[in-house]
Amino acid sequence: MAPTDERDDADTIDLTTRVRRRVLPTLHRIKEPLGGFAQCIQHPDEYVGTIQCGLEEFRSDLDTMSFAPEPIASLKVHRDGRLSAGSWVRRRSPLASWQLHVALFTDDPGTVEVFAHREYSWLRHPYRHYRGVGWDTDSGVERMRSLLSDHDVAFRIDGAHG
């Protein structure tokens, strides 16, 4: 059975995320025996910080920072079993080689945990992207923290995540 996340009821989960939560665990069970995946455990090293606002408000901040929802990404599962509350990417252009990928998790009402990594864009380099070639956690976390600061989005870094 796929993990569920009752804590999300306090925030609005968008339709794309709800569909991904229903479809991707099943797709993962089909792909995994063949060496593929459609969901994965969120690595704690990708922790950017915790934002004190609701999910809907933070999605607006992401939009302002030129991020777009990413329905193609694998479903991230927090090590405590929570499912990601959204997947967003930022590219210099639609055909850029690289992208900054952000996964969001909710826990307490009014807080959003942000995780990030830099990777090849699946639009330009689908095989490299899927295989994780060039995956860069450190620069992804650093870039996302910089973007949050540049856009006056306050965040705290909780030691329990790293």
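The values are calculated or read from the model by the stated rules, or taken from the named source; none is laboratory data. Every value quoted in this text rests on a predicted model; they were computed, and no experiment measured them. Virtual Cβ from ideal backbone geometry, glycine too; neighbours counted across all protein chains shown. When the accessible area is computed, the model is the full protein with side chains, heavy atoms only, and any ligands, DNA or RNA have been set aside. Shrake-Rupley method; radii C 1.70, N 1.55, O 1.52, S 1.80 Å.
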Meets criteria (over 16 Å from Pro44 (Cβ atoms) and among the basic types (Lys, Arg)) for Arg82: no
Selection within the stretch 22-50 - more than 26 Å from Ser139 (Cα to Cα) and either open to solvent by 90 Å² or more (accessible area, probe 1.4 Å) or at pLDDT 75 or above (or both): Arg22, Arg29, Ile30, Glu32, Pro33, Leu34
Segments classed as helices (runs of 4 or more DSSP H), wholly inside the stretch 51-162, with at least 2 members that are open to solvent by 80 Å² or more (accessible area, probe 1.4 Å) and farther than 24 Å from Asp14 by Cα: 126-131, 137-150
Residues being of a type outside the set (Asp, Glu) and under 26 Å from Phe155 (Cβ atoms) - total across the stretch 84-131: 29
